[in-house]
Amino acid sequence: MLRIFRYLSVCVLLYGVVFTFAFFTPSFDFSTLGEPKERFVSYVSLTAGLFLVLSGLTLLLLIKRVKTHPFLLFPLRTVSTFLCLDGLISLFYFTFSPFAWILFLLSAALFGLSFWQIK
């Protein structure tokens with residue numbers, strides 16, 4: 001089960017990397033938004049991708065040490081809870097996006113596994 005948790009954490013990490021780098025593709029045209037809105041959308045997109053990278057990396061690092069240090073279960077569960085909340089919010093706002101569904105499924109699986117018997 002720890003191996004599944006690790007794989008899912010790596011998937012979230014890679015999903016965040018792809019999300020962050022996909023923002024810099026030339027297919028985005030923000031010229032119709034105007035300067036302040038363009039900066040806001042850029043900030044939100046990059047922050048969302050970096051949140052996924054940081055969450056996946058944190059979960060990956062915590063799961064390696066949770067057997068020897070049981071007190072790390074609380075931060076592991078806290079990060080997975082916030083990640084699941086992010087998945088739910090992305091699903092709420094982008095219901096028809098397959099990427100929102102992927103994020104929701106990954107985060108829900110990590111959330112469920114974090115409250116399962118990890119020890």
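For the stretch 10-24, the Karplus equation 6.51 cos²θ - 1.76 cosθ + 1.60, evaluated at θ = phi - 60°, returns couplings of 5, 4, 5, 4, 5, 4, x, 5, 5, 4, 5, 6, 5, 5, 8 Hz by residue, with Gly and Pro reported as x.
Summarise the long-distance tail of P(r) for the chain by giving the % of C-alpha pairs beyond 18 Å. Of all Cα-Cα pairs in the chain, 53 percent lie more than 18 Å apart. Calculated [222 nm] ellipticity per residue, helices only, for the chain: -26500 deg cm²/dmol; basis is -39500 (n - 2.57) per DSSP H run with n ≥ 4, divided by all residues, nearest 500. Summing charges over all other residues whose Cβ lies under 12 Å from the Cβ of Val12, with Lys and Arg as +1 and Asp and Glu as -1, gives 0. Taking one equal scatterer on every alpha-carbon of the stretch 44-98, how large is log10 of I(q)/I(0) by Debye at q = 0.15 1/Å? Values, matching the q order: -0.50.
Placing +1 on the Cβ of every Lys and Arg and -1 on the Cβ of every Asp and Glu, with nothing else charged, gives the stretch 2-114 a dipole about its Cα centre of roughly 660 debye.
Bear in mind that the values in this text are calculations on the coordinates, not laboratory data. These numbers come from a predicted model, not from an experiment. Note that each Cβ is placed from the backbone with ideal geometry, even for glycine, and that neighbours are counted across all protein chains shown.
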